[in-house]
Amino acid sequence: MQINQKKEGEVYTFFLNGRFDAHSAGEVEEKLDLAVSQGAQKLLVDLSGVEYISSAGLRVLLAIAKKLKEKEGQIKLCCLQPYVKEVFDVAGLTQIFKIYGTHQEGIDSF
Amino acid sequence: MEKIPSSITLKASLENLDKVNRFVHQWSKKVGLSSQSEKDILLAVEEAYVNITKYAYPESTGRVTIYSRIDKDRLIIKIKDEGIPFNPLQFAKAEFNTSLKERKVGGLGIFLMRNFVDGVEYERKGKCNLLTLIKKKSRGIFN
């Protein structure tokens, strides 16, 4: 999994590229956790480079969402590929996460 | 064409997930699964395999064997472990709360596994858990 990070104003965007599975979940969680522990409150995860996600990936995003909520921050997602969107739908997570079609829409929403 | 083994036996650890994926990928290609169906079976196998690595052998390390075969237009994957008895079919459908606060972080894996394949069977045979996952070549128009 390739993870790139960019700060635009107060928004920290994480661009994920690869399979978001049990193998890569720990690495993604570490990076997101680090940003949150350093005070990031507005996280945008760009999933345009992710064509596969399993429950391990979903679990990381849910755990970070919960942490941020306690700190009155928020995590938002953008650019889900169709299969990833379907996994979110089946898992009932499309109602829980704010999901945007484009990166810019995600940034503007904060 | 490279001959694909009909089974692989591995130490039940997360590091071996890539090998499991490669095995399932090779069989998906052999049966001619659509790319969507291939992702479905990869997802179901990952969820089942990761559960075994986490829970089947609480006090030691153990092994997992994955068997594959083709039955008409279906890929049939059988996963065997010798860990503690675990029947994923006995779990009722997870309750999905729509509030982030109430929503539990775990419990998703089995639910996804059951939803993304066409059939799941479980059998406890002697000291083994046998889980069978069945995936058709392509999804029907109604699913």
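The values are calculated or read from the model by the stated rules, or taken from the named source; none is laboratory data. Not measured: the values here are computed from a predicted model. Here the Cβ is made from the backbone with ideal geometry for all residues, glycine too, and neighbour counts use every protein chain on show.
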note = Residue hits (the stretch A:10-31; without any contact (Cβ under 8 Å) to a residue 40 or more places away in the chain and over 21 Å from B:R22 (Cβ atoms)) are A:Y12, A:F14, A:F15, A:L16, A:V28, A:E29, A:E30, A:K31
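Inspect the stretch B:38-52 for any residue being aromatic (F, W, Y), over 22 Å from A:A91 (Cα atoms) and under 17 Å from the mean Cα position of the chain (by Cα) and give the result as yes or no. Walk me through it before giving the result.
Just the residues of the stretch B:38-52 that are aromatic (F, W, Y), to begin with: B:49.
Applying the additional criterion that residues be over 22 Å from A:A91 (Cα atoms) yields none.
Looking through the stretch B:38-52, none of the residues is aromatic (F, W, Y), over 22 Å from A:A91 (Cα atoms) and under 17 Å from the mean Cα position of the chain (by Cα).
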message = Contact list please: Cβ distance under 7 Å, first residue in the stretch A:88-107 and more than 14 Å from chain B (Cβ to nearest Cβ) and over 15 Å from A:L62 (Cβ atoms), second residue modelled with pLDDT of 95 or more and in a loop (DSSP other than H, G, I, E, B), pairs at least six apart or on different chains.
response = A:Y100/A:S109; A:T102/A:C79; A:H103/A:C79
key: Top-ranked residue in the stretch B:4-44 [being surrounded by 15 or more Cβ atoms within 10 Å (Cβ to Cβ) and charged (D, E, K, R); ranked as nearest to B:F116 (Cα to Cα)]   = B:D40
task = Confirm whether B:L33 is touching a residue at least 60 places away in the same chain (Cβ under 8 Å) and more than 11 Å from chain A (Cβ to nearest Cβ).
result = yes
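Here are A:V28, A:V84, A:V50, A:V60: which of them is among the β-branched types (V, I, T) and either more than 14 Å from chain B (Cβ to nearest Cβ) or surrounded by fewer than 17 Cβ atoms within 10 Å (Cβ to Cβ) (or both)? Reasoning before the result, please.
On the way: A:V84 fails: either more than 14 Å from chain B (Cβ to nearest Cβ) or surrounded by fewer than 17 Cβ atoms within 10 Å (Cβ to Cβ) (or both); A:V50 fails: either more than 14 Å from chain B (Cβ to nearest Cβ) or surrounded by fewer than 17 Cβ atoms within 10 Å (Cβ to Cβ) (or both); A:V60 fails: either more than 14 Å from chain B (Cβ to nearest Cβ) or surrounded by fewer than 17 Cβ atoms within 10 Å (Cβ to Cβ) (or both).
The unique qualifying residue is A:V28.
Please find, within the stretch A:63-81, the residue that is farthest from the chain's Cα centre (by Cα) out of those that are within 11 Å of chain B (Cβ to nearest Cβ) and crowded, with 19+ Cβ neighbours inside 10 Å.
So the first thing to find is which residues in the stretch A:63-81 are within 11 Å of chain B (Cβ to nearest Cβ), and the list is A:63-70, A:74-75, A:81.
Next cut, crowded, with 19+ Cβ neighbours inside 10 Å only: A:64-65, A:68, A:75.
Details: A:I64: 8, A:A65: 9, A:L68: 12, A:I75: 7 Å.
This residue is A:L68.
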key: Meets criteria (of a type outside the set (K, R), without any contact (Cβ under 8 Å) to a residue 40 or more places away in the chain and within 13 Å of chain A (Cβ to nearest Cβ)) for B:E59   = no
